[in-house]
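**Student:** Next up is a structure, given as structure tokens.
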Amino acid sequence: MCLAVPHTIETLLDDGRAVAVAGAVRTEIRTDLIENPSPGDTVLVHAGFAIEKLAPEDSKELLDLWEEIRRVSGVDYAG
Amino acid sequence: MPGDLRAAVEALRRLAEESATAVTVMEVCGTHTVSAFRSGLRSVLPKSMRLISGPGCPVCVTDQGEIEAALSLLRRGVVVVAYGDMFKVPSASGSLASMRGEGHDVRTATSAMDALRVAEENPGREVVFLGVGFETTAPATATLVREARRKGIANLSVLSFHKRTPPAVEALAGAADVQISAFLLPGHVSVITGHEPFRFLADRFGLPAVIAGFDPEQILLAMVEIARQIRAGAPELRSVYGTAVRPEGNRKALGLLDEVFSVRDARWRGIGLIPDSGYGLRGDYGDFDAERRFSLVIVPGTPPAGCRCGDVLTGRITPPQCPLFRTACTPLSPVGPCMVSSEGTCGAYFRFHREERT
């Protein structure tokens, strides 16, 4: 039930609403729960509401974990 | 990239081998359950690592008595608006779906705001939104209530069965008869709550706890992180889902939850009454509280005979250990909510489990 799908905000409407796009699907969402929504923002949408903006980059915690994986696994791969 | 994932599977295998201990990880979200099955991730886990499902499906943990309360509103001529997941959940006197079949007015919502539209379009009728879901979903209901007040919609109220995840996780972490080595924490609940409410798992119970998103890569990375912590003997709360989860959570949503709801005790199917694990409407918003408006008395329900949904939800058994599984209880004819919901553990086992090693 906690499924959420990334959408990109296309246009802001009035009353805490926006039009957002996910793949070929264009839908109206609510933006009440996020700060300063703007066209171009990638947001997680759950039950019709944007619940968070997605950060463009992986977190340091995740990058550290990948480093650990490379060290532990010994698996060599390119890029 | 595939190379990365191969490395992650190999790292997981090596870490599990080095720590040489059996590990039971509870995932606290139905979306994790389904993703781990559907992707085949379970088949690449080391034999020493076991993934069990917890009480992470809001439909499944909704108590029978709560469903009965919603059905009683229908019998009084109220329009009930609910997420589709709730429709087939059976109770002693039927389900939302069967009531609709009998001519009662049940509407499907894909967003809480749908209830506002139904109320506006039917000014002469009472409309009740069935608020089900965890912290991820509750802010939408809070927005609905606030908007209803702002617009002066008098014929709309909310039956709030929203639940808070950390108290349920705490109840399981402390249960003497469920041995859990680590928790895979729900990413989208954590988007709202942030890290802090789950920190007690490492601090008080000494259990690794990792917040993860829902694609298979996220779950795999969380399992590696859990294995790493166990190998190092250093449990802590970590997140592999930093793209979505801020450590402090979504402050705007938390503020709204705090404005509209107050924390109260709630009854979870299979676990029972858990202190501070629910959201009821605050006194300020009492006019929108369906329990108050219709003087509802919610009586704890009795599970259907033979249904072991409660034991499944708490990790005490896996679905194939329930005598009704695949026999009397199937998705077409579910006995309990764990088989009804697409994210219920029994439903997931029915669709994906093929005598994998247990």
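The values are calculated or read from the model by the stated rules, or taken from the named source; none is laboratory data. Since the model is a prediction, treat every value here as computed from it, not as a measurement. A quick note on method: Cβ atoms are made from the backbone with ideal geometry, for glycine too, and the neighbour counts reach across all protein chains shown. Only protein heavy atoms, including side chains, enter the accessible area calculation; ligands, DNA and RNA are left aside. Shrake-Rupley method; radii C 1.70, N 1.55, O 1.52, S 1.80 Å.
**Student:** Do you know which of the residues in the range B:142-165 that are in contact with a Ser or Thr (Cβ under 7 Å, 6 or more places away or on another chain) and under 27 Å from residue B:209 (Cβ atoms) is surrounded by the fewest Cβ atoms within 10 Å (Cβ to Cβ)?
**Tutor:** Looking at the filtered set, the residue picked out is B:164.
**Student:** A further question follows. Look through A:9, A:34, A:51 and report the one residue that is facing chain B (nearest Cβ under 7 Å), assigned to a strand (DSSP E or B) and either more than 30 Å from residue B:46 (Cα to Cα) or open to solvent by 40 Å² or more (accessible area, probe 1.4 Å) (or both).
**Tutor:** The unique qualifying residue is A:51.
**Student:** Residue B:95 versus (1) of a type in the set (Ser, Thr, Tyr); (2) surrounded by fewer than 22 Cβ atoms within 10 Å (Cβ to Cβ); (3) out of contact with any helix residue (DSSP H, G or I) (no Cβ under 6 Å at 6 or more places or on another chain); (4) over 24 Å from residue B:155 (Cα atoms): which is the lone unmet condition?
**Tutor:** Among (1) of a type in the set (Ser, Thr, Tyr); (2) surrounded by fewer than 22 Cβ atoms within 10 Å (Cβ to Cβ); (3) out of contact with any helix residue (DSSP H, G or I) (no Cβ under 6 Å at 6 or more places or on another chain); (4) over 24 Å from residue B:155 (Cα atoms), the lone unmet condition for residue B:95 is (4).
Here is a yes/no grid of residues against (1) open to solvent by 10 Å² or more (accessible area, probe 1.4 Å); (2) touching a strand residue (DSSP E or B) at 6+ places or on another chain (Cβ under 6 Å):
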{"residue": "B:245", "(1), (2)": "no, yes"}
{"residue": "B:253", "(1), (2)": "no, no"}
{"residue": "B:259", "(1), (2)": "yes, no"}
{"residue": "B:267", "(1), (2)": "yes, yes"}
{"residue": "B:282", "(1), (2)": "yes, yes"}
{"residue": "B:310", "(1), (2)": "yes, no"}
{"residue": "B:321", "(1), (2)": "yes, no"}
{"residue": "B:352", "(1), (2)": "yes, no"}
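**Student:** For the range B:322-342, which positions are free of Cβ contacts under 8 Å to residues at least 60 places away in the same chain and within 20 Å of residue B:28 (Cα to Cα)?
**Tutor:** B:339
**Student:** Report yes if some residue within the range B:132-140 is in contact with an Asp or Glu (Cβ under 8 Å, 6 or more places away or on another chain), away from every other protein chain (no Cβ under 14 Å) and either at pLDDT 95 or above or buried (at least 24 other Cβ atoms within 10 Å of the Cβ) (or both); otherwise report no.
**Tutor:** no
**Student:** Look at residue B:78 and say whether it is out of contact with any Pro (no Cβ under 9 Å at 6 or more places or on another chain) and more than 26 Å from residue B:274 (Cβ to Cβ).
**Tutor:** Considered against the rule, which asks whether it is out of contact with any Pro (no Cβ under 9 Å at 6 or more places or on another chain) and more than 26 Å from residue B:274 (Cβ to Cβ), residue B:78 comes out as yes.
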